[in-house]
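The values are calculated or read from the model by the stated rules, or taken from the named source; none is laboratory data. Because the structure is a prediction, the values reported are computed rather than measured. Every residue, glycine as well, gets a Cβ built from its backbone with ideal geometry; the counts of neighbours run over all protein chains shown. Remember, those area values only see protein heavy atoms, side chains included, never the ligands or the DNA or RNA. Shrake-Rupley method; radii C 1.70, N 1.55, O 1.52, S 1.80 Å.
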Amino acid sequence: MATTCRISPSIGLLALLTVCGAQAQSIEVKDAWVRGTVPAQRATGAFMEITGKSSVRLIGVSSPVAGTVEIHNMTMQNGVMKMSQVEGIDVPAGKTIMLAPGGYHVMMMGLKQQMKPGERVPLDLLIESADKKRETVSLQVEVRDIAGKRTGAQ
């Protein structure tokens with residue numbers, strides 16, 4: 001699983017387990033990755049599988065490697081593929097939502113650096129529960145090549 005927690009080295013093991021458990025309590029994230037870029041490219045996408053442990057909504061995403069990060073969806077309209085920003089994605093309890101090329105995805109724009117295959121980039125998911133409580137799930141996401149293959153994959 002790609003989920004990691006950012007913790008000060010001075011926090012004890014019990015506190016570490018408590019904080020990490022709280023961060024990933026409402027969702028599980030699998031197979032998170034960012035599409036690699038060429039040096040001058042200013043935008044890319046991030047993709048993942050999100051499974052709800054309870055019914056929640058993905059309402060925001062941020063990363064220090066991009067000026068703007070938005071949740072987008074691609075749809076076919078009158079024979080033309082269109083991409084548009086969405087306010088959020090519902091993640092029902094026990095269901096897996098795919099963020100994948102050609103559908104829902106995270107759009108990272110105004111990149112501050114090249115996304116090089118094999119590196120990892122920070123990505124924070126903002127999750128809102130039915131009772132409007134919010135939590136941030138912090139990930140270190142693998143950068144794959146432009147075709148979405150892992151470094152060294154054939």
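Tell me, yes or no, whether the stretch 26-43 has at least one residue that is among the hydroxyl-bearing types (Ser, Thr, Tyr) and part of a strand (DSSP E or B).
No, the stretch 26-43 has no match at all.
Pull up the stretch 16-32, narrow it to residues that are modelled with pLDDT of 95 or more, of a type outside the set (Val, Ile, Thr) and surrounded by fewer than 20 Cβ atoms within 10 Å (Cβ to Cβ), then point me to the one that is farthest from Glu135 (Cα to Cα).
Within the stretch 16-32, the match that is farthest from Glu135 (Cα to Cα) is Asp31.
Specify the residue that is nearest to Ile27 (Cα to Cα); the eligible residues are those in the stretch 50-92 that are small (Gly, Ala, Ser), more than 14 Å from the chain's Cα centre (by Cα) and not in a strand (DSSP E or B).
Among those that are small (Gly, Ala, Ser), more than 14 Å from the chain's Cα centre (by Cα) and not in a strand (DSSP E or B), it is Ser54.
Here are Thr3, Thr37: which of them is at pLDDT below 50 and either open to solvent by 60 Å² or more (accessible area, probe 1.4 Å) or not charged (D, E, K, R) (or both)?
Thr3
Mind listing just one residue for me: the one in the stretch 137-154 that is open to solvent by 60 Å² or more (accessible area, probe 1.4 Å) and either touching a helix residue (DSSP H, G or I) at 6+ places or on another chain (Cβ under 7 Å) or small (Gly, Ala, Ser) (or both) and, of those, nearest to Thr68 (Cα to Cα)?
Step by step, filter the stretch 137-154, then rank; the result is Ala147.
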